[in-house]
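Take a look at this one; I'll ask things after.
Any read-out appearing in this document is the output of simple, stated calculations on the displayed coordinates, not a laboratory observation. Just so we're clear, the structure is a prediction, and the values are computed from it rather than from any experiment. Every residue, glycine among them, receives a Cβ derived from its backbone with ideal geometry; neighbour counts consider all protein chains shown.
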Amino acid sequence: MADLVYHAFAFVALFSHGLYHLISVIRAHLAGPSSSSSTSGRGAAVAADHTARPYYPLALAAHRHHLLRHLPLYLALLCLLVAVAVHAFFSSPDGARAAAQCFSYLESAAALFLFLLLAASILILPLPADVVFLLAALAFALLSAASAHSAAGYQQSELQSKCDSISSLVSAASATSALIVAIAPRLFVAELALAASIALQGLWSFQTGISLYVDAFIPEGCHQILGVLDISTSCDLDSSRHRADALLDLAFTVHATLIAIITSIVYATSTRAYCSSGLVRRHNGGSYEALPASSSTGTLSDMDHIQMKAFCKSSTQA
């Protein structure tokens with residue numbers, strides 16, 4: 001039961017954070033100073049000057065709503081503290097596979113602690129954005145390695161092996177996206193892929209929880225092995241294991257497709273909203289002066305004190 005609760009907690013934390021970052025990335029992309037519409041007048045905007053940020057505060061007045069403006073960051077810190085505490089006090093490897101799982105737990109603990117330091121650095125340390133993304137790529141790589149080692153610690157007949165293998169692939173995709181963003185911070189697609197992969201990891205955590213610990217969702221021919229310290233879900237026959245693996249692959253495909261659909265809907269909705277409100281470049285050939293870009297340290301002071309430059313243009317036409 002505790003494992004199921006932790007997987008549900010991971011689903012809420014990861015999916016909500018990934019979805020929030022995805023929406024924020026798209027909004028920042030469309031509101032960029034070089035955003036422009038397509039030739040049809042209603043196409044997607046392209047923001048060549050968009051620069052990736054490790055964190056986007058809420059769109060509230062900085063001088064009136066400082067706490068609410070940075071509520072997502074505080075919630076992320078709280079979730080990381082809970083994850084570190086659970087991992088430290090309730091996830092010690094024991095049972096027959098303790099030796100095989102020990103290194104996996106150490107890698108997971110190191111990754112969670114690194115994420116905690118990165119979240120705290122936004123509050124107290126002026127780290128450049130590329131350094132934050134580079135360290136985030138390292139943390140995701142540690143999570144990928146931890147899931148891979150955890151999968152190797154189970155037998156092929158156990159569903160944990162398949163679930164951890166897929167989780168390792170998603171974490172590897174997050175690590176690759178974070179590394180690309182660190183190298184090319186203006187590459188919008190890479191930052192969008194990073195946010196989508198975090199949301200996908202949340203969905204897969206939920207799928208893992210119900211597939212391993214909820215009887216109604218455990219594949220046919222598989223069952224939980226009770227009475228041991230490390231509870232596992234195993235399949236009796238090879239045919240049952242192959243069917244269960246196919247179902248998990250299908251579930252992962254459905255989740256990945258769902259994330260792609262959500263991303264498309266958010267992008268299309270945001271584009272329509274920005275075009276209708278006139279926040280993208282006009283089609284009459286007029287130009288405007290770009291807003292000054294903040295330093296890409298990702299700190300709260302940089303995000304709260306962006307000075308808006310006003311401009312005025314007089315017409316000389318008859």
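Just subtract the alpha-carbon distance of Leu169 and Val86 from 0.36 nm times their residue separation and send over the number in nm, one decimal. Mind dumping the intermediate values first?
On the way: separation 83, 0.36 × 83 = 29.88 nm, distance 2.35 nm.
My answer for the length gained is 27.5 nm.
Using all alpha carbons of segment 176-218, what is the percent of pairwise distances in each 10 Å bin, ordered from the shortest bin to the longest?
Going from the shortest bin to the longest, the percentages are 29, 31, 20, 16, 4.
For segment 92-196, rounded, prolate or oblate, judged on the Cα gyration tensor with a ≥ b ≥ c (square roots of eigenvalues), a/c < 1.5 rounded, else prolate if a/b > b/c?
oblate
Among Asp236, Asp130, Asp215, what is the fewest-to-most ranking by other Cβ atoms within 10 Å? Could the numbers behind the result be given before it?
Numbers: Asp236 11, Asp130 19, Asp215 8.
The fewest-first ordering by Cβ neighbours comes to Asp215, Asp236, Asp130.
Still on this structure, I have one more. List Ser270, Ser144 from most exposed to least, where exposure is judged by having the fewest other Cβ atoms within 10 Å.
Ser270, Ser144
What are the ³J(HN,Hα) couplings of segment 188-196, residue after residue, when phi is run through the Karplus curve with 6.51, -1.76, 1.60 and θ = phi - 60°? Round to Hz, x for glycine and proline.
Calculated HN-Hα couplings, in order: 5, 5, 5, 5, 5, 5, 5, 4, 5 Hz.
Now a separate question. Note the full-extension length gain between Ile262 and Asp236 as 0.36 nm times their separation in residues minus their Cα-Cα distance, in nm to one decimal.
Contour length minus Cα-Cα distance gives 5.6 nm.
For the residues Glu158, Glu191, Glu220, what sequence is obtained by ranking on other C-beta atoms within 10 Å, fewest first?
Glu220, Glu158, Glu191
When you count, for each residue, the other Cβ atoms within 10 Å and take the mean per peptide, how do 173-186, 110-123 rank with the highest first? Don't skip to the end; give the middle numbers.
Details: 173-186: 20.4, 110-123: 18.7.
The peptides rank, most packed first, as 173-186, 110-123.
Whole Å is fine, so just give me how far the alpha carbon centre of segment 151-179 lies from that of segment 100-122.
Measuring centre to centre over Cα atoms gives 16 Å.
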